[in-house]
Amino acid sequence: MNQSNPKILVIDDEVGLRDMLVYGLSRRSYAVTTASNGKEAVAKAKEENFDLALCDLMMPEMGGVETLKALKEMQPRIEVVMATGYATLENAVETMKLGAYDYVSKPYELNHLCGILEKALEHGRLTAKVGELEQINRVKSEFLANMSHELRTPLNAIVGYSSLIIDEIYGAVPTAQKEALTRVLVNSKNLLALINNI
């Protein structure tokens, strides 16, 4: 996620509103791309990754809900803020269930909108960081599982053969050698227990 100049896709069929948002958001260091409808937004999202999208709910041809679904499918990490002049609780709940970060009513107060966009960006950053940490944890777990398997195999052989020799399966063993092998056996079992605990 680009922290210096976040890339935002503004999707609205009202040209005056798009122009106002381009002007206002550009002055606040956003890299703004616009789309006049959902189809155009989806086409632009196929060509370029965005950190954020501000999507109107009511648009001709492809509405905001369909646009939200398409954007989240193509770019799962994009944070989408839905907007409408006809806000209802049902619309807000539906879009949030589909992955929208937030829901705002028109007309916009730019400072309020920018506050929501900043929170959405931070949410995206934290989500990405959690994903990175989960990946690191998976790699660490796989490494430990593989390493413990690779260590257990020869240790089991050492424990098994030491026990057989101490039990004189292969013939008589002098006392001094039996004592030394007993220490090898005890230490091998301790190491095996330690690896199993890890």
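The values are calculated or read from the model by the stated rules, or taken from the named source; none is laboratory data. Bear in mind the structure is a predicted one, so any value in this text is a computation, not a measurement. A quick note on method: Cβ atoms are made from the backbone with ideal geometry, for glycine too, and the neighbour counts reach across all protein chains shown. In case anyone asks, the SASA skips ligands and DNA or RNA and just uses the protein heavy atoms, side chains included. Shrake-Rupley method; radii C 1.70, N 1.55, O 1.52, S 1.80 Å.
Among the residues of region 157-198, write down those that are assigned to a helix (DSSP H, G or I) and closer than 22 Å to S141 by Cβ.
L191, L192, A193, L194, I195, N196, N197
Could you go through region 64-86 and let me know if any residue there is farther than 30 Å from E132 by Cβ, in a helix (DSSP H, G or I) and not acidic (D, E).
Yes, the conditions are met somewhere in region 64-86.
Could you check region 105-156 and list, in sequence order, the residues that are open to solvent by 60 Å² or more (accessible area, probe 1.4 Å), of a type in the set (S, T, Y) and not in a helix (DSSP H, G or I)?
Scanning region 105-156 gives a single hit, S105.
Which of the residues that make up region 14-56 are out of contact with any Cys (no Cβ under 9 Å at 6 or more places or on another chain), open to solvent by 70 Å² or more (accessible area, probe 1.4 Å) and over 20 Å from R77 (Cα atoms)?
Once the filter is applied, which keeps residues that are out of contact with any Cys (no Cβ under 9 Å at 6 or more places or on another chain), open to solvent by 70 Å² or more (accessible area, probe 1.4 Å) and over 20 Å from R77 (Cα atoms), region 14-56 yields E14, V15, D19, M20, Y23, R27.
Being of a type in the set (S, T, N, Q) and touching a Ser or Thr at 6+ places or on another chain (Cβ under 6 Å) is the filter here; which residues of region 137-168 pass it?
Scanning region 137-168 gives no hits.
Suppose we filter region 84-112 for residues that are of a type outside the set (K, R), under 19 Å from M58 (Cβ atoms) and in contact (Cβ under 8 Å) with a residue 60 or more places away in the chain; how many remain?
Residues flagged as of a type outside the set (K, R), under 19 Å from M58 (Cβ atoms) and in contact (Cβ under 8 Å) with a residue 60 or more places away in the chain within region 84-112 amount to 1.
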